[in-house]
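Notes follow the structure.
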Amino acid sequence: MDIKQLWLNAQELWSALESHPRVYSALALLLLLSIALMLGRVARYLILHTVKLLGRQPSMYWLNDFLDNKVFHRLAQVVPSLVIQFGLNLIPELHKTTLNFLGNVALAFTFLFLLLAVSSLLNALLDIYARTEHARTRSIKGYVQLTKMVLYIFGSIIIVATLIDRSPLLLLSGLGAMSAVILLVYKDTLLSFVASVQLTSNDMLRVGDWIEMPQVGADGDVVDITLHTVKVQNFDKTIVSIPTWRLMSESFKNWRGMQASGGRRIKRSLFIDASGVRFLRDEEEFKLSQVHLLTDYISRKQAELKAWNEAQGNVAALSANRRRMTNIGTFRAYALSYLKSHAEIQPNMTCMVRQMQTTAQGVPLEIYCFTRTTAWADYERIQGDIFDYLLAVLPEFGLSLYQQPSGTDLRAGLLPAMLGASHIPEQEKHLM
């Protein structure tokens, strides 16, 4: 059977169907749907193939972000619904009600895919913005999420209005009457949006900031800022999600200033046993004057004290009337010189060793300085090395650290009185 004969048979069959309008219309709709799907596949192939070729050029690399977020996929999905919309008018014997219904459904699908395309476009723009320098200081993710929410709300209204063949204004007027309910439902969203605007405009929070908010168990780096939540990865690798509005209604500590300054503060005290505080003897002054870090201090202090004592006259012969150097004051000067000469202590920031109010635990000497680095591990290493050294050098000044007595101390002190020295075991004597 040749092609001409097949064509004639198809014409005869088609003519015969004209006497059956419903079957004729159904087959025409099926044919229109098949053509629409086929044209959609062709349009998708052509669009994606063209965009991939253009995306290989360095100047148009941003097109790859559009591809990854399926912007062009969504646009290609609009083609079948457009073909159906315009093709319905070519189908004969189609009832007007059916024509309007199918046209509204096709138009609703067109709006749906356009809405999804715009949403994907916003995601692509967010990815492009995330690679810029401004993204480190200004996050727009919350604004994008709010825009998408508004688009979805109005898009849903338009789609529903299209399906029921009514004006969108009719549905919007109904929403106006439900404004109180809407405000109640979206209360957290509105609060979070206002908080997000304030946080961003005042530069109070950025991705990568180390924040501390004990009331919600947050102590770590900010990894994401969205419309509703701020995600913080704690140092134990747990994730804490904080409602954005809580960052405005409650206080939190941001360590960005410390990181930007280039130095991290050391503020810790040595509790000196008050019973060991005394004046330095002459031989101790001479010995300590040989210490490189104390040579200038002791020379200057000896000249100052000598001039003061000589000005007092004969009364200076009495010990209580004479000024002398103390071991704790000399140690304080030594510790300060040690910090200032330390290679890993920031010289351009506050550095001091100060004596605090005496407590039941002894005399606190507070070490107050800043390291050259803000890295946590390096900071702890430097701080540990400094206090290790200062604790070890205390006996050189006749000082000791205060330590509350333990059970072993009490036992060693009470055993001689209770048993007598002859009854003390050898291991207990060793502890004494």
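Taken together, the values in this text are just the output of simple stated rules run on the coordinates, not laboratory data. None of the values given here were measured: they were computed from a predicted structure. Positions of Cβ are backbone-derived with ideal geometry, glycine not excepted, and every protein chain shown enters the neighbour counts.
Odds and ends about this structure:
- A simple spin-label model places pseudo-atoms 7 Å from Cα toward Cβ; at residue 46 and residue 318 they are separated by 11.2 nm.
- When the GluC sites (Glu not before Pro) in the range 296-354 are filtered for DSSP coil states and for at most 15 other beta-carbon atoms within 10 Å of their beta-carbon, the remaining sites are 344.
- Cα-Cα over 24 Å, subset of 267/340; 267/287; 231/267; 70/237: 267/287; 231/267; 70/237
- Each of residue 409 and residue 203 was given a label point 7 Å from its Cα along the Cα-to-Cβ line. The distance between the two points is 5.2 nm.
- Trypsin sites (Lys or Arg not before Pro) within the range 270-318, DSSP loop, no more than 16 other Cβ atoms inside 10 Å: 278, 281
- The length gained by stretching the chain between residue 253 and residue 100 to full extension, at 0.36 nm per residue less their Cα-Cα distance, is 49.0 nm.
- Residue separation of residue 306 and residue 375 scaled by 0.36 nm, minus their Cα-Cα distance, works out to 20.2 nm of gained length.
- Three-way shape label, the range 42-104, alpha-carbon gyration tensor, a/c 1.5: prolate
- Per-residue HN-Hα couplings for the range 212-222 [Karplus 6.51, -1.76, 1.60; θ = phi - 60°; Hz; x = Gly/Pro]: 10, 9, x, 5, 10, x, 9, 7, x, 9, 6
- Legend: helices of the chain (whole DSSP H runs) are marked when their alpha-carbon atoms reach 27 angstrom or more along the helix axis and their mean Kyte-Doolittle hydropathy is at least -1.0; marked are 21-55, 96-130, 141-163.
- Summed over qualifying helices (DSSP H, 4 residues or more, each -39500 (n - 2.57)) and divided by its residue number, the chain shows a 222 nm mean residue ellipticity of -18500 deg cm²/dmol.
- The range 204-261 shape via C-alpha gyration tensor axes, a/c threshold 1.5: rounded
- Entry for semi-axes √(5λ) of the Cα gyration tensor in Å (calculated from the structure that is shown) out of (i) 38, 28, 18; (ii) 86, 24, 23; (iii) 32, 27, 23: (ii)
- Cα gyration tensor shape for the range 50-160, rounded if a/c is under 1.5, else prolate or oblate: oblate
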